[in-house]
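Scroll down for the structure; my scribbles are underneath it.
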Amino acid sequence: MAVDTPSQSVAKAGPPPPPRGRGRGTGTGKPRGASKRSLSTHWYAWALVAPVVVVIAVIIGYPLIRGIYLSLTNANERNVARSIGVNNIPATYEFVGLDNYAEAISGNQFLGTLGWTVVWTVSCVAVTFGLGLALANILNRRIAGRSVYRMLLILPWAVPPFVSVFAWRFLYDERRGMLNQILSGAGLDAVPWLNDPTVAKLAVIAVNVWLGVPFMMVALLGGLQSIPGELYEAAEMDGANAWQRFRHITMPGLRSVSTTVLLLSTIWTFNMFPVIFLLTRGGPGEATQILVTQAYKFSFEISPRDFAQSSTWGVLILILLMVFAAFYQRVLRKQGEVW
Amino acid sequence: MTTTTPTARPVNAPVRGRRSPLASAGLHLTLIVASAIAVFPVLWVLLTSLKPAKYATTTDFFKETTLENYTNLLNDTPFLSWFWNSLLVAVLTTLVGVFISATTGYAVSRFRFPGKRGLMWTLLITQMFPVAVLIVPIYNIMGSLGLLNRSAGLVITYLTIAVPFCAWMMKGFFDTIPREIDESGYVDGLTPFGTFWRLILPLAKPGIAVTAFYSFITAWGEVAYASAFMVGDENLTLAGGLQKFVNQYGAQWGPMSAASVLIAVPAALVFLFAQRHLVTGMSAGAVKG
């Protein structure tokens with residue numbers, strides 16, 4: 001529980017919260033005094049958070065509002081303010097209301113991309129969680145060489161993701177990559193890992209799972225280690241078998257860790273830019289394009305750059321994630337989880 | 001002391017310590033396969049970097065081991081300037097990010113003040129922001145400030161990622177430091193700032209180190225903003241630079257593998273060194289939320 005700032009209780013017992021503003025000379029004495037007191041009580045807490053509040057307001061808040069505004073216009077590369085040589089050309093884009101949203105939601109492109117993004121997120125998170133849980137359970141036992149295994153298994157997390165993605169691209173290379181050379185050595189046909197829509201989808205999921213398992217494993221291992229060993233002993237004395245111990249001790253014990261990592265990794269995977277961008281650029285065609293990479297493509301890879309549509313997709317992604325997080329939290333709360 | 005249960009197990013022996021040899025072999029086999037999958041792509045890049053570039057795609061593990069990829073990379077490509085750019089951006093992001101977030105982490109950990117709940121939610125929600133919402137407005141703003149293609153622009157941009165994250169992590173660490181220490185500071189007549197600066201901050205050093213390391217790695221590996229904002233061979237960061245080696249016309253796997261090794265080795269070493277703290281940090285910062 002947070003320590004109250006010294007005279008918090010006084011402020012609470014005092015008059016109802018004063019109207020906003022410092023009431024310079026115009027207000028009655030009472031609210032002015034309360035606001036002064038609130039200021040004197042909390043000034044150092046506010047001073048401590050001030051730098052971050054300023055940073056968030058200036059470099060996140062302002063761009064966010066501007067992004068939302070752009071999504072309500074028809075801004076693109078041709079009509080935004082720009083300077084060519086010494087000439088400054090003013091912006092000529094117009095406010096178009098919710099047209100972009102209507103267009104995105106009624107068109108096939110957004111819904112199709114959203115469908116694949118959901119499939120991608122769900123399969124990546126599910127597989128990653130399953131593998132992470134299995135490995136964490138094994139590593140939580142007494143087993144020779146445990147720390148060596150642990151170190152090796154963590155390696156994919158330690159290497160910067162863009163490097164690993166290039167390593168995978170190297171292995172996936174259709175003509176001369178390692179995987180296809182092994183297949184041809186075994187007398188099998190080459191697989192177009194990144195050039196066939198279906199195979200490419202599986203290939204990007206595999207890479208993302210490879211990248212994500214170490215984090216999941218480490219987080220769950222931390223959770224497992226916080227479960228008291230006596231619980232297992234007691235259960236075993238009572239004759240619980242391995243599955244029952246897992247089901248009734250391990251799973252509830254991992255609850256708080258897993259709800260957090262599942263939420264985090266869902267958000268991260270939904271927005272996982274580097275894997276798709278560096279591995280396939282969304283190709284072949286648009287087969288592996290997720291919402292984030294497609295939005296990026298609208299503003300930086302097509303001509304003319306379509307800033308409005310890109311921002312629209314960005315805002316829609318944000319709304320989807322926020323709805324998801326709120327829904328997730330509500331489900332947890334219904335199940336009695338305090339979060 | 002030993003009760004004779006049907007399995008004749010001493011009561012206080014570790015319960016999960018006993019397995020049949022077959023089960024042990026199965027566990028080891030699983031771990032070996034998993035470790036091999038985890039290590040192989042990285043190991044393969046390392047081995048490739050030691051082969052002459054023309055043999056980059058052979059399946060032999062070793063072939064005429066040489067360092068020529070490395071010498072070519074350092075002499076004939078702007079790798080060193082990319083490396084320097086990345087280092088500069090990552091270090092500055094980390095310093096500024098940790099510095100301004102530490103106080104916030106402390107405030108939300110210790111005090112109850114109007115706006116705290118809103119602030120916590122903002123910090124959490126900003127971590128959900130997709131690159132896609134912010135990238136265009138930030139791109140335009142940086143363009144109008146003349147900061148595109150400059151390290152400073154990228155540092156400012158990365159603060160949007162680093163600050164909410166660092167503040168959230170730091171709060172977790174401060175939560176683990178007992179409040180009695182603050183109280184003893186007040187009793188000894190320190191101001192809240194003095195308590196924070198002289199007592200709490202030194203105790204939070206491991207937490208600061210982990211947070212710093214984490215934001216360093218994030219900035220070091222960021223792709224989207226770096227690809228969009230930086231152009232021209234000299235200004236790229238590593239994430240952009242590596243893309244130069246692989247394009248739709250083909251790939252120069254030789255220099256790319258050497259570059260990958262040089263990028264990954266320092267990061268991986270520090271990471272493996274810091275990972276124990278990282279686990280505690282993650283659970284303190286994320287789980288307790």
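Read-outs: derived from the displayed coordinates by stated rules, not from any lab. Here the structure is a predicted model, which means the values were calculated and not measured. Quick reminder, even Gly has a Cβ in these numbers, built from the backbone with ideal geometry, and neighbours come from all protein chains shown.
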### Order of A:Ile56, B:Ile177 under a 10 Å beta carbon neighbour criterion, fewest first
B:Ile177, A:Ile56
### Message
Assuming 0.36 nm per residue, please report the length gained on full extension of the stretch A:Ser40 to A:Ile319 beyond their Cα-Cα distance.
### Response
96.6 nm
### Query
Listed highest first by mean packing, meaning other Cβ atoms within 10 Å per residue, what order do B:251-263, A:273-285 come in?
B:251-263, A:273-285
### Task
Would you mind telling me which residue in A:Val52, A:Val96, A:Val148 has the biggest mean-square fluctuation in a Gaussian network model of chain A, where springs connect alpha carbons within a distance under 10 angstrom?
A:Val52
### Query
Dividing the alpha-carbon Rg of segment B:72-287 by 2.2 N^0.38 Å yields what?
1.17
### Summary
Length-normalised contact order of chain A, Cα under 8 Å, at least 6 apart, in percent, tallies to 22
#### Entry: Footprinting exposure proxy for A:Arg150, B:Arg179, A:Arg333 (fewest neighbouring C-beta atoms within 10 Å first)
A:Arg333, B:Arg179, A:Arg150
### Task
Let me know the longest stretch in chain B that avoids all GluC sites (Glu not before Pro) found in a DSSP loop with at most 16 other C-beta atoms within 10 Å.
B:65-233
### Query
If Lys and Arg each add +1 and Asp and Glu each add -1, what is the summed charge of the other residues whose beta carbon sits under 14 Å from the beta carbon of B:Tyr70?
-1
### Query
On average, how many beta carbons from a partner chain sit within 10 Å of the beta carbon of a residue in A:303-310?
2
### Task
Quick one: compute the contact order of chain B, relative version, from alpha carbon pairs under 8 angstrom and 6+ residues apart, as a percent.
27
### Query
Treating the beta-carbon of each Lys and Arg as +1 and of each Asp and Glu as -1, no other charges, what is the dipole magnitude of segment B:72-287 about its Cα centre, to the nearest 20 debye?
460
### Message
Averaged over its residues, how many other protein chain Cβ atoms are within 10 Å of peptide B:39-46's Cβ atoms?
### Response
6
### Summary
Assertion target for A:Cys124, B:Cys166, ordered by fewest C-beta neighbours within 10 angstrom first, is A:Cys124, B:Cys166
## Note on the structure
Row for segment A:257-316, column shape: gyration tensor on C-alpha, a ≥ b ≥ c, rounded if a/c < 1.5 i.e. under 1.5, prolate if a/b over b/c, else oblate; value oblate
## Note on the structure
Across A:166-177, the residue-averaged tally of Cβ atoms belonging to other chains within 10 Å stands at 5
### Message
Using the crude model of +1 on Lys and Arg Cβ and -1 on Asp and Glu Cβ, and no other charge, please compute the dipole size for chain A relative to its Cα centre, in debye to 20.
### Response
1440
### Task
Determine the sum of side-chain charges near A:Tyr172: Lys and Arg each +1, Asp and Glu each -1, restricted to other residues whose C-beta is under 14 angstrom from that of A:Tyr172.
+2
### Message
Student exercise: in the protein assembly as shown, how many lysine pairs 8 or more apart or on different chains have Cα atoms under 23 Å apart?
### Response
16
### Message
Along the charge dipole of segment B:72-287, pointing to its positive end and built from +1/-1 on Cβ of Lys, Arg, Asp and Glu, which listed residue (B:Met230, B:Cys166, B:Leu154) has its Cα farthest out?
### Response
B:Cys166
### Task
Would you please classify the overall shape of segment B:19-69 from the alpha carbon gyration tensor, given that a ≥ b ≥ c denote the square roots of the eigenvalues, rounded means a/c under 1.5, and beyond that prolate means a/b larger than b/c while oblate covers the rest?
prolate
### Query
DSSP H helices in chain A with Cα extent of 15 Å or more along the helix axis and mean Kyte-Doolittle hydropathy at least 0.0?
A:29-55, A:108-139, A:146-158, A:161-172, A:197-225, A:255-270, A:307-334
### Query
How would you classify the protein assembly as shown from its alpha-carbon gyration tensor, with a ≥ b ≥ c the square roots of the eigenvalues: rounded for a/c under 1.5, else prolate if a/b is greater than b/c, otherwise oblate?
oblate
### Query
Most fluctuating residue of B:Leu27, B:Leu73, B:Leu201 in a GNM of chain B with Cα springs under 10 Å: which is it?
B:Leu27
### Query
For the protein assembly as shown, with only Lys/Arg (+1) and Asp/Glu (-1) charged at the beta-carbon, what is the dipole magnitude about the Cα centre, in debye rounded to 20?
1900
